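**Student:** Okay, handing you the structure first.
The values are calculated or read from the model by the stated rules, or taken from the named source; none is laboratory data. Quantities reported herein were computed from a predicted structural model and do not represent experimental measurements. Quick reminder, even Gly has a Cβ in these numbers, built from the backbone with ideal geometry, and neighbours come from all protein chains shown.
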Amino acid sequence: MVATLQKRDDATMQDLVTALDKELRYIMHEIQEEKIILHVESTREEAKCPYCGKVSDRIHSHYERRLQDLPISGKKVRIVLRNKKYFCRNRTCPHKTFAESYAFYEPKATKTKRLQEEILRASLTQSSTSAAKYLRGSVAEVGKSTICGLLKKRRDDARKERGTNSVYR
């Protein structure tokens, strides 16, 4: 009976992980007082170099990437992604190695895109200080500077789309 429940729980957790990206596999999770830590890994056999576009299957190494995500059942979520780094197969590429990337987070980000959207939604109706206090209490570890940075990035992206770089246009 316990083994059957464990398999069902593992399948449910895999469904949650697959919602982020179909090429991720659930490894395990930890439940702490106010936090759920999801350990996941890539199932990819190869990845495309973001610099030259050449596909590689030659793994250089692995590293852990930690991301905050939306809460589950009132608990903050931290994703620990075992990410792969590959050797680029293109001898003329200026980058010898590259890390695989996923659509659910931006390069160098510490928060998933959907969490960033939730942070921005909360900041629309209150000051960045109030929004940070609210979010820290129930959603994720967020400071005022994080909110201001996301708002600035959104504004800069909107300017790029319109083709205006000047603040005064």
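**Student:** I'd like to check something: does the stretch 112-132 contain any residue that is under 18 Å from the mean Cα position of the chain (by Cα), hydroxyl-bearing (Ser, Thr, Tyr) and part of a loop (DSSP other than H, G, I, E, B)?
**Tutor:** yes
**Student:** Out of Ser138, Ser145, I need the residue that is farther than 19 Å from His62 by Cα, more than 18 Å from the chain's Cα centre (by Cα) and in contact (Cβ under 8 Å) with a residue 60 or more places away in the chain. Which one?
**Tutor:** Ser138
**Student:** Can you tell me how many residues in the stretch 51-76 are closer than 20 Å to Tyr26 by Cα, without any contact (Cβ under 8 Å) to a residue 60 or more places away in the chain and of a type in the set (A, V, I, L, M, F, W, C)?
**Tutor:** The total comes to 2.
**Student:** Something else about it: Could you tell me whether the stretch 55-67 includes any residue that is in contact with an Asp or Glu (Cβ under 6 Å, 6 or more places away or on another chain), β-branched (Val, Ile, Thr) and within 26 Å of Leu150 (Cβ to Cβ)?
**Tutor:** no
**Student:** Also, I was wondering about something else. Could you go through the stretch 67-80 and let me know if any residue there is in contact with a His (Cβ under 9 Å, 6 or more places away or on another chain), outside the structural domain of Leu135 (by TED's automatic domain parsing), closer than 21 Å to Ala109 by Cβ and assigned to a strand (DSSP E or B).
**Tutor:** Checked against the condition, which is being in contact with a His (Cβ under 9 Å, 6 or more places away or on another chain), outside the structural domain of Leu135 (by TED's automatic domain parsing), closer than 21 Å to Ala109 by Cβ and assigned to a strand (DSSP E or B), the stretch 67-80 yields at least one hit.
**Student:** Do we have Arg89 as under 17 Å from the mean Cα position of the chain (by Cα), surrounded by 14 or more Cβ atoms within 10 Å (Cβ to Cβ) and modelled with pLDDT of 95 or more here?
**Tutor:** No: the conditions fail for Arg89.
**Student:** Within the stretch 95-136, take every residue that is farther than 19 Å from Lys22 by Cα and among the aromatic types (Phe, Trp, Tyr) and give me the one that is surrounded by the most Cβ atoms within 10 Å (Cβ to Cβ).
**Tutor:** Looking at residues that are farther than 19 Å from Lys22 by Cα and among the aromatic types (Phe, Trp, Tyr), I get Phe98.
**Student:** Can you tell me which residues in the stretch 137-152 are of a type outside the set (Val, Ile, Thr) and either under 12 Å from Leu115 (Cβ atoms) or touching a Phe, Trp or Tyr at 6+ places or on another chain (Cβ under 6 Å) (or both)?
**Tutor:** Across the stretch 137-152, the qualifying residues are Ala140, Glu141, Leu150.
**Student:** Hey, any hits in the stretch 34-49 for a residue that's part of a loop (DSSP other than H, G, I, E, B), closer than 28 Å to Gly149 by Cβ and out of contact with any helix residue (DSSP H, G or I) (no Cβ under 9 Å at 6 or more places or on another chain)?
**Tutor:** yes
**Student:** Still on this structure, I have one more. When the residues of the stretch 144-153 are narrowed to those that are among the basic types (Lys, Arg) and surrounded by fewer than 14 Cβ atoms within 10 Å (Cβ to Cβ), which ends up modelled with the lowest pLDDT?
**Tutor:** Looking at the filtered set, the residue picked out is Lys153.
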